[in-house]
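Working notes, structure below.
Just so it is clear, none of the values below were taken in a lab; they were calculated from the coordinates. All values derive from a computational prediction rather than experimental measurement. Using ideal geometry, Cβ is built from the backbone for each residue, glycine included, and neighbour counts are taken over all protein chains shown.
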Amino acid sequence: MRCPFCAHDDSQVKDSRPTEDNAAIRRRRQCEGCGARFTTFERVQLREVVVCKSGDRREPFDRSKLEQSVALAVRKRGIEQERIDQLVSGIQRQVETSGESEVPSARIGELVMEGLRQLDSVAYIRFASVYRDFGEARDFEEFASSVRDAALRD
């Protein structure tokens, strides 16, 4: 594993343990070049999935992009990192087990929306504002009203 500090090619694993949800292995490593310590995570990848974006662009599924999007939506909401990781892992698992080698980005967006709706209504509205490209305050009002009405029915 390449060191993120000095780019040396070799590092030694000092400690390995499963994460809380057993979806990954957390490894503490030490660089043999500079001696710096860093953490890596090893996850199962079931298949190579390509995301079909607008304009006929295609790119490999990238878990870190999904993590960034969710992290931005839940920022300063006091949600435990473990719950966020479970949400991201669940979405990744759904994408990889769908049986499709190509998944539309809109499908991933809908999975994120559904997960955030169950996790936190403010994060759900934040994500929706970007995903659905709200242009005016009225768009927020209408969406927030529909979220409130749905919560009252449940």
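Key figures
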read-out	value
Net lengthening on full extension, Glu102/His8 (0.36 nm per residue, minus Cα-Cα)	30.3 nm
About the Cα centre, charge dipole magnitude for the chain (Lys/Arg +1, Asp/Glu -1 at Cβ), debye	480 debye
On Cα atoms only, tilt of 105-119 relative to the major axis of the chain in degrees	80 degrees
Distance histogram for segment 79-120 (every C-alpha pair counted, 5 angstrom bins, percent rounded to whole numbers)	5, 23, 30, 23, 12, 6, 1
Angle between the chain longest axis and helix 81-96 axis [Cα atoms, degrees, rounded to 10]	80 degrees
Label point at Met1 placed 7 Å out along Cα→Cβ; residues across segment 79-109 whose backbone nitrogen lies under 20 Å	82, 85-86, 89
Highest to lowest packing among 119-130, 72-83, scored as the average C-beta count within 10 Å	119-130, 72-83
FRET efficiency, 1/(1 + (r/R0)^6) with R0 41 Å, evaluated for Arg28 and Ser54 via beta carbons	0.50
Candidate lysines - alpha carbon under 23 Å from Lys76, same-chain residues fewer than 8 apart omitted	Lys65
Over the chain, relative contact order from alpha-carbon pairs under 8 Å, at least 6 apart, %	15 percent
Whole-number D in µm²/s for segment 75-150 (Stokes-Einstein; Kirkwood sum over Cα pairs; 37 °C, 0.692 mPa s)	242 µm²/s
Cα Rg, Dmax, the chain, angstrom units	18.8, 60
Sequence-distant residues sharing a close amide H with Val49 (under 5 Å, placed H)	Phe61
Rg/Rh for segment 1-43, where both radii come from Cα atoms and Rh is the Kirkwood radius	1.03
Relative contact order [Cα under 8 Å, 6+ residues apart], segment 1-43, whole percent	34 percent
Degrees between helix 121-131 axis and first principal axis of the chain (Cα, 0 to 90, nearest 10)	90 degrees
